[in-house]
Each structure stands twice: as structure tokens, then as C-alpha cells.
Amino acid sequence: MMPRESARGRLRSHEACLNCRRKKTRCPAEKPSCSSCVRLNQACLYTTIPRGSRGGQSDDRLAFLEEKVNLILSGRTTQTIPSEKQQETGKGTSETCYPLTTRPPSIEPSTVSDPFFLGFGYEDSSSQPSSSAIAKAIDLYFEYCHRQPIWCFDREDVSDPSCLSEELVCCLLALTSRFSRDRDHLQHYGDSARSLVMLRMANGTVELETIESLCLLSYSSFLDGDIHLGRFYLGLALHLCRSATLDLESSHAGEGPMTERKRRLFWSLQCLEQSYGQQNGFLCIPSEVMRTFYIASSSDRAKQDGTEPKPPPPPIDDLGCSKLSDVGIWSLAAHFGWVWSRVRTYVSDCARNRLKEPWRHDSMYAMVLSDLTEIENKLSQCHRYDSVKFYERTAEELRSNRNYWTPWLKLQFTYHCILTVLNHPFLYIVASQYNDNLAIPNAFWRRSSELVLLHATWLVRMIDMVSEKKMRLIDPFFGHAAAIAATVHLYYCCAADPRLKYKSKVDFTKCRRFLKSFVSFSPACGILDQTLDKMTRIASGSENIDHDWEPEKIHLSIPLMWDLLQVNCKPKPHEVSTGGLLHPSLTPTVSTEEAEDGLASTLEVIVAMSPNVTVNTADGGQAAHIPPTMPHISSTPASPALELGEKLVAPADSLMTNTPWLWTDPSQFVDMENNVGYPESESTLGNIDGFSTWWDFGNL
């Protein structure tokens with residue numbers, strides 16, 4: 001602790017100018033400019049912003065904490081000297097033992113108008129956020145990020161930027177600068193926000209906006225692909241919620257704007273936890289904890305004795321609802337997100353060879369399907385696909401009602417992604433190599449093959465609609481869903497039936513193009529895109545899959561497939577990101593040998609026979625009908641082996657004879673790799689009376 005031997009010493013520290021306080025040098029304290037600053041030709045400023053005080057000496061204590069936290073978070077030692085600043089400018093980084101952040105080389109001590117930002121990297125007036133920049137950040141947040149998926153506050157809650165806390169301002173800038181010309185300061189804003197949040201915690205002045213700031217920081221880190229840092233922010237926010245008992249229904253009694261804001265914060269954190277939280281480890285909170293809230297029946301709730309703690313109710317959301325009893329669309333998306341978190345746990349178990357036979361009634365596969373059905377029963381008719389008719393809406397109508405349509409799309413993508421991953425052939429092919437009891441029966445293989453192709457095709461259907469409507473989605477979950485669907489279509493690129501093979505190549509390209517549209521603002525999706533590119537090279541031996549590529553077999557990389565299914569955003573296979581939080585002595589490592597061995601593991605896939613059908617869905621599925629005549633179908637996708645060269649062929653009768661698959665018009669292949677924008681609306685065929693549409697199956 002800094003010695004406080006006399007009132008004179010405390011007074012001197014309190015009255016020192018900001019430059020001298022930051023350099024920890026004696027300040028003559030002349031007004032308006034001290035002689036030390038005049039000699040160094042620096043602007044001399046004194047603290048004018050009142051600080052919160054909990055006692056007579058807390059002002060001095062806060063000043064001391066400001067200096068210590070700033071030094072720690074900027075990676076500098078307490079013996080800072082002026083010459084170090086010049087050295088840092090020349091090299092761009094600080095040569096210390098624990099480098100956590102770096103100051104941009106362009107930032108030098110200069111004049112500022114707001115003394116608060118001194119010491120947090122805003123020493124250059126050009127990098128200090130102006131009121132117009134803050135207002136623009138708020139507008140960008142509501143244009144791109146609001147309810148997608150986080151919903152911490154509404155527009156009226158932040159209508160006056162001057163009333164916002166400094167950490168929330170920095171977090172808004174860090175999250176939204178990726179969508180503006182100010183994206184070069186993204187890291188700078190994030191580091192400043194972290195400093196301010198830590199200062200709040202050190203001083204014991206955490207407010208609701210502080211936890212909201214952590215929520216925004218977490219989401220920003222997930223967009224950046226910094227999963228470990230995002231989980232740190234998310235875990236810290238959840239712990240602060242527990243400390244404030246915001247996770248209990250009893251703390252949300254009454255009605256009012258602040259109560260609703262607390263509820264939105266809690267459930268926003270839950271949404272992030274569902275999609276990006278840690279899935280294994282003894283310190284992880286299992287998703288089963290929330291089961292009673294999401295799927296408990298009325299009889300189950302009647303058995304609860306009232307003393308059992310309950311989570312807070314979801315926020316009020318009546319957008320698109322037809323009656324008061326309808327569950328809001330944002331809350332419904334969170335419900336399906338909980339099932340998605342269960343699927344992520346299922347994939348994690350599969351990756352660790354802990355898969356129980358999925359056809360057993362007590363398997364996790366069966367339980368997840370049961371949970372999904374329970375959640376689906378909560379979906380009111382007013383929110384269902386056939387009722388809202390998204391495909392008939394104009395682009396302008398969708399943009400003006402983004403608050404409804406982005407959660408609706410999240411719900412639809414989540415539903416189809418759940419069933420795509422649960423039935424992904426890769427999971428069961430790999431599992432069967434390690435467990436003889438997992439030899440896949442014909443009945444299960446037939447049904448799972450139908451479901452995975454059906455819902456992977458539905459994901460492409462949703463991508464087509466979103467692209468046609470030119471609706472901008474930001475949540476990296478959408479990019480992840482596209483990558484998962486792409487792996488399924490890549491699997492069927494070697495199907496025996498030429499129409500299924502052709503359809504799979506086109507759908508794979510659509511998924512890939514959609515994923516690339518996220519790369520400009522989300523490094524996380526950029527890493528997924530690079531992983532998918534590597535898989536493509538291994539599978540086809542080429543960067544691109546074109547019209548002439550008609551393989552009889554492909555090779556799927558096992559580690560790359562796990563990376564895509566689990567969103568492992570690792571710079572290199574043998575590197576483990578820690579978000580810049582840990583000293584190298586605490587960083588977990590993976591041996592280079594293990595990484596190289598993993599990259600060498602591939603599956604050789606041969607789909608022996610395929611459905612032989614012709615179905616046109618050029619209109620997006622609404623007018624796609626079964627043709628008057630249907631050829632007989634008597635085959636299934638194959639079950640490839642782990643070792644290269646060993647071929648496992650699936651049973652010949654593993655696809656139902658009445659399941660027509662999507663067929664795609666060849667014109668969609670024109671310039672499909674270079675056209676990364678939004679495709680124009682496609683032509684349609686007329687209805688064929690007397691035959692049911694394929695899209696009657698599998699939608700929500």
C-alpha cells in the first residue's frame with residue numbers, strides 16, 4: 001500500500017495535476033499550470049470530475065487505485081519513467097514481463113478536454129470519443145446488435161448519452177466500431193472498458209450498467225473469436241449477477257423499467273452462455289439446472305414447495321403476439337437456445353468418446369429430442385413459419401421490424417441446427433470406430449439420414465430467404481449454423497445419385513458464401529471460414545468445388561470437423577488462446593506431435609447409393625411439389641471408416657422411399673464462388689395439383 005503518513009501527503013496527492021499523478025512525480029501544484037508541465041510543454045489539467053466517496057479518505061484511496069489498476073492493465077511497472085514512453089512509441093509494444101495490452105503507437109500525451117479518460121488510453125484528443133461518436137455507436141448498436149441475441153436495454157434507456165457510465169460507453173464503442181470507420185480503435189476501446197470495469201470492482205461501486213458492460217464485452221469477444229476472453233467476461237458478469245441475486249425471482253419483484261432491465265440482462269447472459277459457454281470441466285454449470293424453468297409441466301411445478309429458488313421471469317415481449325398468454329419471440333429463441341446448449345454438450349461427449357447408443361430411450365439423444373418437442377409445444381401459432389410468412393415480406397418491412405425478425409430467424413436457425421447436429425453422420429461414424437456397441441442399426445441410420453439432410457437443406461432454405469431479403473445478420477451463431485450445414489452437404493457431394501450430388505455442391509457453395517459474408521466484422525467467422533476452406537482442400541484437393549467436381553469418395557478431416565462442430569477458434573492446432581489474461585506459465589499447451597497426428601486423421605467417405613428424385617424448390621420451397629411419378633429409392637449414405645483406405649458401406653435400404661430431396665436449378669452455379677453478395681430472387685415453377693409439398697415436412 002502507498003504510505004499515508006500525514007494529512008499533508010494526502011493533500012499533495014489529491015491536489016497534484018493528472019500528468020504528475022500518472023508519472024508518480026512530485027507536483028508543485030501551481031494553478032492553472034504547474035511548472036513541471038510547463039517545462040515539458042504539456043497541458044496541465046487537474047481533476048474536476050467529482051468521485052464517489054464512501055468515507056473521508058476514499059478520494060485519496062480511489063486516486064491510488066486508479067493509478068495501480070491503470071499500470072497493471074497497461075502492462076507497465078510501477079517505476080514508470082518518461083523515457084519508457086518514447087521507447088514504447090518507437091516499438092509499438094511494452095517490454096514488460098506481463099504484457100496484457102499495448103498502446104497504439106500513434107497515441108502520445110496531448111491535450112484532452114475530459115480528465116476522466118486520462119490514464120485509460122485517451123491521452124490523445126483525436127482518440128477521445130466525442131458526443132457524436134457515442135451517439136453513432138448507440139445507433140449502430142440498435143441497427144446491428146439489439147436482440148441479436150443480447151437485449152440489455154431499449155432505446156429509451158440510453159436516450160441521453162451523457163447519463164451513461166463511462167464503461168458502458170467504451171463497451172458500446174468496442175462492440176460497434178467494427179461496423180464503422182473507427183474499427184482501428186476497437187481493441188483500444190475494449191481495453192479501456194476492461195480497465196473501467198475493473199476499477200469499479202476494485203472500488204466496490206459496481207452498478208447494473210457495469211454488468212451490462214461485461215455482457216457487451218463478452219459478446220464483442222465472441223465476435224472476435226476470442227472465446228476464452230469472452231468466457232471470462234461472461235463468467236464475471238454471471239458471478240456479479242449472483243452477488244446481486246439477479247438470478248433469483250425474488251429479486252425481481254414488482255414492475256417497472258429497472259426491473260425489466262434486470263431481467264433482460266440476466267437472460268441476455270443466459271443466451272450467450274447457451275451458445276458460447278464452456279461445455280466441460282468441473283467448474284461448469286450443467287444445463288440441467290435450468291430444465292425446470294424451460295420444460296417443467298404444470299404438474300411438475302405444482303410439486304415444487306415454494307421454497308425452491310426460481311430464476312427470474314423472462315422480460316415482457318409482446319412483438320408479434322396475438323394474445324397475452326403467448327410467449328415472446330425473443331424468449332422463445334432463448335428456450336430453443338437452451339436445447340442448443342444441450343446439443344453442444346452432446347457433441348462434446350461425442351468428441352470425448354462418451355456417446356451412449358442414441359437409439360436407447362435413456363440416451364442423451366432421446367432426451368434432447370424430447371426436450372426439443374416440449375419447447376416446440378410452447379411455440380404459439382402466431383410465431384410459426386406458416387403463419388408469419390417471412391418469405392412474403394418485403395425487405396423494407398423486415399428492416400423496419402428487425403426487433404421481431406432477428407429473434408425469429410435465430411429461433412428458426414437454432415431449431416434446424418439442433419436436428420442437423422443431432423443426426424450428423426460424422427458423429428456416429430467416428431463413434432462406431434471406438435465402440436462396437438455403436439454399430440449403427442439400419443432403422444436409426446435411415447431415420448437420422450433423412451433428418452440430417454432435411455434440416456441441413458432447410459438451413460440453406462433460410463439462407464436463401466435471408467439473402468434474397470438482404471437482411472443483415474450479425475450473431476456469429478448464424479455463420480456457425482451455415483458452416484455446420486456445409487459439412488453435411490460436403491458429405492453428400494459424393495452421393496451416387498447425380499441430382500443429390502449436384503444439389504449438395506450448390507448448397508455447400510451457398511453455405512460457404514453466407515459464412516464469408518460475416519468475415520468482414522467477425523474474426524470468429526473468419527476462423528470458421530478458414531477451417532472450412534481447409535476441409536474443402538482435403539476433401540476435394542482444390543480450393544473450390546465447381547460444377548465439374550464429381551467425386552466417388554471424399555476425405556473428411558476429423559480434427560477440422562470437430563473444430564467446426566464445437567466452434568474451436570484456435571489460431572493454430574497446437575496453440576491455446578487464453579484471451580491475453582494468463583501468464584505463459586499458466587497457459588495450457590498441446591504438443592505439436594498431437595496436433596500433427598490429429599491433422600493426419602481423416603475419414604474416407606463413400607455414399608454408395610442415393611435417392612433418385614426430381615424436386616424443384618427454386619421459389620424457396622413454397623411451390624416445390626412431388627412429381628407425378630417417383631422412382632424407387634433403395635439406398636442410403638455410407639458409413640466411412642476411420643483409417644484411410646478402409647471403406648464402410650451403409651445398408652442399402654437406409655432411406656425411405658417417400659422422401660424427395662431438394663433439386664437445384666443449374667443456373668445457380670454461374671459464378672457462384674465470386675458472387676459473395678446477395679443473390680437475386682430465383683424463378684419458380686407452377687404448382688402441381690394433387691401432390692404434397694416437400695416443405696410441409698421439417699419446418700417449424
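The values are calculated or read from the model by the stated rules, or taken from the named source; none is laboratory data. Model, not experiment: these values are computed from the prediction. All Cβ positions, glycine included, derive from the backbone under ideal geometry; neighbour counts span all protein chains shown.
Some points to look at:
- Checklist (1) farther than 30 Å from Gly281 by Cα; (2) free of Cβ contacts under 8 Å to residues at least 40 places away in the same chain applied to Glu167, failing item: (2)
- Every residue from the range 506-525 that is out of contact with any Ser or Thr (no Cβ under 9 Å at 6 or more places or on another chain) and within 17 Å of Glu550 (Cα to Cα): Thr509
- The range 317-342 - residue that is among the polar types (S, T, N, Q) and outside any helix (DSSP H, G or I) and, of those, surrounded by the most Cβ atoms within 10 Å (Cβ to Cβ): Ser322
Every residue, every condition in (1) touching a Gly at 6+ places or on another chain (Cβ under 6 Å); (2) modelled with pLDDT under 90, yes or no:
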| residue | (1), (2) |
| --- | --- |
| Asp497 | no, yes |
| Ser522 | no, no |
| Gln530 | no, no |
| Glu552 | no, yes |
| Pro559 | yes, no |
| Leu565 | no, no |
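- For the range 210-223, the tally of residues that are buried (at least 24 other Cβ atoms within 10 Å of the Cβ) and either in the same structural domain as Ser522 (by TED's automatic domain parsing) or not polar (S, T, N, Q) (or both) stands at 8.
- Close pairs from the range 428-453: first more than 24 Å from Ala481 (Cβ to Cβ) and assigned by TED's automatic domain parsing to the domain that holds Cys350, partner surrounded by fewer than 16 Cβ atoms within 10 Å (Cβ to Cβ) and among the polar types (S, T, N, Q), Cβ under 7 Å, at least 6 apart: Tyr434/Asn353
- Set side by side, the residues Thr509, Thr487 differ, and just one is in contact with a strand residue (DSSP E or B) (Cβ under 9 Å, 6 or more places away or on another chain) and at pLDDT 90 or above, which is Thr487.
- Scanning the range 174-195 for residues that are part of a loop (DSSP other than H, G, I, E, B) and in contact (Cβ under 8 Å) with a residue 12 or more places away in the chain turns up Ser180, Asp182.
- Candidates Glu273, Glu249: the one that is of a type in the set (D, E, K, R), at pLDDT 85 or above, out of contact with any Phe, Trp or Tyr (no Cβ under 9 Å at 6 or more places or on another chain) and more than 28 Å from His480 (Cβ to Cβ) is Glu249.
- Out of Tyr294, Tyr365, sole residue that is assigned to a helix (DSSP H, G or I), of a type in the set (Phe, Trp, Tyr) and at pLDDT 90 or above: Tyr365
- Some residue of the range 255-278 being outside any helix (DSSP H, G or I), farther than 27 Å from Asp563 by Cα and over 15 Å from the mean Cα position of the chain (by Cα): yes
- Condition check for Pro358: in the same structural domain as Trp408 (by TED's automatic domain parsing), over 22 Å from the mean Cα position of the chain (by Cα), modelled with pLDDT of 90 or more and in a loop (DSSP other than H, G, I, E, B): yes
- Filter result (without any contact (Cβ under 8 Å) to a residue 12 or more places away in the chain and not polar (S, T, N, Q)) within the range 245-275: Ala253, Gly254, Glu255, Gly256
- Restricting attention to the range 352-371 and to residues that are of a type in the set (A, V, I, L, M, F, W, C) and buried (at least 21 other Cβ atoms within 10 Å of the Cβ), the residue that is nearest to Gln566 (Cα to Cα) turns out to be Leu355.
- Selection count, the range 158-195, where residues are touching an Asp or Glu at 6+ places or on another chain (Cβ under 6 Å) and surrounded by 23 or more Cβ atoms within 10 Å (Cβ to Cβ): 2
- Scope the range 460-501; condition over 15 Å from Cys525 (Cα atoms) and among the acidic types (Asp, Glu); matching residues: Asp464, Glu468, Asp497
- Residues satisfying the stated conditions in the range 128-173, i.e. assigned to a helix (DSSP H, G or I) and β-branched (Val, Ile, Thr): Ile134, Ile138, Val158, Val169
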